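Input: a single structure, listed below in structure tokens.
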Amino acid sequence: MKKIIVNNYEEASSVAAALFAEQIWQKPDTVLGLATGGTPVGLYNRLAAMNKAGALDFSRVVSYNLDEYYPILKSNDQSYDYFMRDNLFNHINIKPENIHLPNGEAKDPAAECAAYDAAIAAAGGIDLQLLGIGVNGHLGFNEPEAALHAGTHLTDLTPSTLQANARFFGDDPSKVPTQALTMGIGTIMSARKIVMIATGAVKAPIIKDLFSGRISTNNPGSFLLLHPDATVIVDRAAMGE
Ligand code: F6R
């Protein structure tokens with residue numbers, strides 16, 4: 001696992017943007033795995049600015065997002081579908097038919113999850129997966145548990161995640177959907193390259209655990225230690241400085 005230590009969130013976003021731009025320049029039909037949350041916003045702003053300036057073309061890029069609340073309407077402004085349109089897709093020239101998220105409106109979540117993994121495989125797999133990490137170590141919504149799922153699945157969110165995400169739901173954990181559809185740890189680990197960004201003092205304990213080199217389902221992020229091409233961009237605050 002490669003570590004890049006930067007001063008702050010802005011630098012982390014710039015370093016990540018350079019890695020994503022490089023990937024798309026090298027392979028214009030790149031299959032991206034994308035994330036939501038506070039972490040990727042700076043990266044998405046930079047990618048949108050590069051696209052606007054004519055420096056980065058998304059016309060052949062394909063994307064698969066990590067996760068989506070369940071159930072949730074795409075029109076809900078807290079859905080990840082809405083978030084992605086608002087923060088990235090409405091600002092770049094990606095083709096709508098190339099955008100994929102797990103469908104929070106699906107009637108049959110198990111069928112939706114199986115179809116999602118099949119679609120990723122049919123697209124040739126993910127070339128570059130973006131990740132944030134939860135304060136509890138979750139990747140996507142693979143929460144710390146005795147056993148992790150390999151494939152995309154429906155999962156219950158832990159109280160810690162409901163609390164952490166309450167900030168997007170008027171600071172009321174009872175308003176956060178209690179379930180989500182998420183890529184599994186196997187789906188994530190199958191990506192050819194992974195870039196994780198972790199910033200802010202709130203992430204320092206879980207980053208310390210990750211950098212201890214111990215692999216455990218209690219910290220799903222620690223599975224990155226097994227990936228052949230994972231880069232973790234960490235700011236000083238998340239390093240505990
Ligand atoms: C989002 C996701 C989550 C977040 C994590 C960190 O699609 O899969 O695992 O990456 O909860 O969230 P932030 O970036 O808000 O700290």
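The values are calculated or read from the model by the stated rules, or taken from the named source; none is laboratory data. Keep in mind it's a predicted model, so treat the numbers as computed, not measured. With ideal geometry, Cβ positions are generated from the backbone for all residues, glycine too; neighbour counts draw on all protein chains shown.
From the list Pro28, Pro40, Pro109, the lone residue that is over 22 Å from Pro177 (Cβ atoms) and touching a residue at least 12 places away in the same chain (Cβ under 8 Å) is Pro28. Among the criteria (1) of a type in the set (Gly, Ala, Ser); (2) surrounded by 15 or more Cβ atoms within 10 Å (Cβ to Cβ); (3) out of contact with any Pro (no Cβ under 9 Å at 6 or more places or on another chain), the one Gly54 does not fulfil is (2). The set of residues from the range 113-162 being touching a Pro at 6+ places or on another chain (Cβ under 8 Å), under 21 Å from Gly200 (Cβ atoms) and part of a loop (DSSP other than H, G, I, E, B) comprises Gly132, Val135, Asn136, Gly137, His138, Glu143, Pro144, Leu157, Thr158. Residues in the range 129-138 that are buried (at least 24 other Cβ atoms within 10 Å of the Cβ) and either away from the ligand (no atom under 14 Å from the Cβ) or among the polar types (S, T, N, Q) (or both): Gln129 alone.
Residues of the range 186-200 that are surrounded by fewer than 19 Cβ atoms within 10 Å (Cβ to Cβ) and within 12 Å of the ligand (Cβ to nearest atom): Gly200 alone. Picking from residues in the range 72-117 that are more than 13 Å from the ligand (Cβ to nearest atom) and closer than 15 Å to Val31 by Cβ, the one that is surrounded by the most Cβ atoms within 10 Å (Cβ to Cβ) is Tyr116. Just one of the listed residues (Ala118, Ala164) is at pLDDT below 95 and out of contact with any strand residue (DSSP E or B) (no Cβ under 7 Å at 6 or more places or on another chain), and it is Ala164.
Among the residues of the range 89-112, those identified as under 18 Å from the mean Cα position of the chain (by Cα), farther than 22 Å from Arg192 by Cβ and in a loop (DSSP other than H, G, I, E, B) are Asn103, Gly104. If a residue must be hydroxyl-bearing (Ser, Thr, Tyr), within 16 Å of the ligand (Cβ to nearest atom) and assigned to a helix (DSSP H, G or I), how many such residues does the range 11-45 contain? Of the residues in the range 11-45, 2 are hydroxyl-bearing (Ser, Thr, Tyr), within 16 Å of the ligand (Cβ to nearest atom) and assigned to a helix (DSSP H, G or I).
Evaluation of Arg214 against the conditions (1) within 15 Å of the ligand (Cβ to nearest atom); (2) charged (D, E, K, R); (3) not in a helix (DSSP H, G or I) shows that the sole unmet condition is (1).
Does Tyr69 satisfy being modelled with pLDDT of 95 or more and crowded, with 18+ Cβ neighbours inside 10 Å? Yes: the conditions hold for Tyr69.
A single member of Asp57, Asp77, Asp86, Asp81 is out of contact with any Asp or Glu (no Cβ under 7 Å at 6 or more places or on another chain), assigned to a helix (DSSP H, G or I) and over 24 Å from Gly221 (Cβ atoms), and it is Asp86.
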